[in-house]
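Read the structure below first, then the notes.
The values are calculated or read from the model by the stated rules, or taken from the named source; none is laboratory data. Here the structure is a predicted model, which means the values were calculated and not measured. Note: ideal-geometry Cβ built from the backbone for every residue, glycine included; neighbour counts use all protein chains shown.
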Amino acid sequence: MRGACKELGCDRGVHAQGWCGVCYRRLRRQGKLTVVQRQVRGVSIEERFFVKVDVRGVCWEWTAARDLDGYGAFTVRISPTETRNHKAHRWGYAHLVGEIPDGLTLDHLCRNRGCVNPDHLEPITSAENVRRGFPGRRGKYCRGRSS
């Protein structure tokens, strides 16, 4: 036996990569770590978020997964069996500045959808966000559609 399993509360001996055989097979079967295992590894949600952000430029560029519209995608585990998907800029703004007021959306003042810098985000109404849209974009995407 080369030490105890990484799983909190498990006192079995290590089998593979720091896990006992039972916990290792469960990890392989589920394909993900549980909340308890993430805490044992010492990685907070904020650390997970900022590992995926390149803060070297004016824009803080999201370097991980993006949705089809180009916004950063960030997943947060809220229980051992449930996750919640967030747009990275919205999650970052809420944690660094504060909650986004009801009825408002965030506008990227820099026009970079991959930017999560809270200084580049402004809470505004959806109507104002549409008015501020990219010049000429409406014509490009709405061409051929009837109202």
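Against the definition (of a type outside the set (Val, Ile, Thr), on the phi < 0 side of the Ramachandran plot and modelled with pLDDT of 70 or more), how does residue 88 come out, yes or no?
yes
Within segment 121-129, can one find any residue that is surrounded by 14 or more Cβ atoms within 10 Å (Cβ to Cβ) and of a type in the set (S, T, N, Q)?
yes
Does any residue of segment 21-36 turn out to be exposed (fewer than 14 other Cβ atoms within 10 Å of the Cβ), at pLDDT 75 or above and within 23 Å of residue 117 (Cβ to Cβ)?
No; the residues of segment 21-36 include none that is exposed (fewer than 14 other Cβ atoms within 10 Å of the Cβ), at pLDDT 75 or above and within 23 Å of residue 117 (Cβ to Cβ).
Quick check on residue 12: is it at pLDDT below 75 and either exposed (fewer than 11 other Cβ atoms within 10 Å of the Cβ) or over 30 Å from residue 108 (Cα atoms) (or both)?
So residue 12 passes the test.
Scan segment 61-95 for residues that are surrounded by 15 or more Cβ atoms within 10 Å (Cβ to Cβ) and either over 14 Å from the mean Cα position of the chain (by Cα) or more than 17 Å from residue 47 (Cβ to Cβ) (or both) and report the count.
Residues meeting the conditions: 8.
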